[in-house]
Amino acid sequence: MIKPAKPPRRNNQSTLLDECIAQALESMLEQDADITHRAVVRAVDGLSAPSSITRDSYRRCLVEHYQAVQAERRGWVNRIKKASQETTIAQLAAKNRRIEELERKVAILTASHKAMILAVGEMGGVAAWRRFFESYALMPELMELSSTSVEK
């Protein structure tokens, strides 16, 4: 679940209250305290009722986001508790190996793309890129970008 984007507020007090709510939610998540609208109201000065959160779509979505993150974390903890320590260690080691493998592939791809871009630059630069991409649907946007960079 994606954390909701902060909306523009009419005054600084509302913006400050949003930040206080986010900090309280982060604290509750780290302490593994149950995240509810009432608990947020108890944790934040300036809120008097859960409806102060539920009526505002951003605040409601923010609480829902943190509730979902908390449920996911608790699910991980429960799965780890059920598995043996050896199994958990083996899974973590396998995931670390996979991460290292993916990081190595990203490094190789980055180096190859850099080499390709340098080679195209030596062979004709932007004109070569235009010829290469002229059959693609995104070409008008690329043409506009490349023509403005060439003109400068």
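Listed here are the residues, each with its yes/no results for (1) closer than 28 Å to LEU25 by Cα; (2) surrounded by 11 or more Cβ atoms within 10 Å (Cβ to Cβ); (3) acidic (Asp, Glu); (4) not assigned by TED's automatic domain parsing to the domain that holds GLU26.
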| residue | (1), (2), (3), (4) |
| --- | --- |
| GLN70 | yes, yes, no, no |
| GLY75 | yes, no, no, no |
| ILE89 | no, yes, no, yes |
| ARG97 | no, no, no, yes |
| GLU101 | no, no, yes, yes |
| LYS114 | no, no, no, yes |
| ALA119 | no, no, no, yes |
| GLY124 | no, yes, no, yes |
| ALA128 | no, yes, no, yes |
Original post:
So SER27 fits all but one of (1) surrounded by fewer than 12 Cβ atoms within 10 Å (Cβ to Cβ); (2) of a type outside the set (D, E, K, R); (3) over 20 Å from the mean Cα position of the chain (by Cα); what number is the exception?
Top reply: (3)
Subject >> Hits in segment 46-61 - residues which are among the charged types (D, E, K, R) and either in a helix (DSSP H, G or I) or surrounded by 11 or more Cβ atoms within 10 Å (Cβ to Cβ) (or both) >> reply: ASP56, ARG59, ARG60
Original post:
For segment 2-14, which residues satisfy the criterion of being surrounded by 14 or more Cβ atoms within 10 Å (Cβ to Cβ) and not in a loop (DSSP other than H, G, I, E, B)?
Top reply: SER14
**OP:** Could you give me the residue pairs with C-beta distances under 7 Å whose first residue belongs to segment 11-22 and is closer than 12 Å to ARG59 by Cβ, whose second residue is small (Gly, Ala, Ser) and surrounded by fewer than 16 Cβ atoms within 10 Å (Cβ to Cβ) wherever it lies, and which are 6+ apart or on separate chains?
**Re:** LEU17/GLY46; CYS20/GLY46
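The values are calculated or read from the model by the stated rules, or taken from the named source; none is laboratory data. Predicted model, so just to flag it, every value in this text is computed and none were measured. Cβ coordinates were reconstructed from backbone atoms using ideal geometry, including for glycine residues, and neighbour counts include every protein chain displayed.
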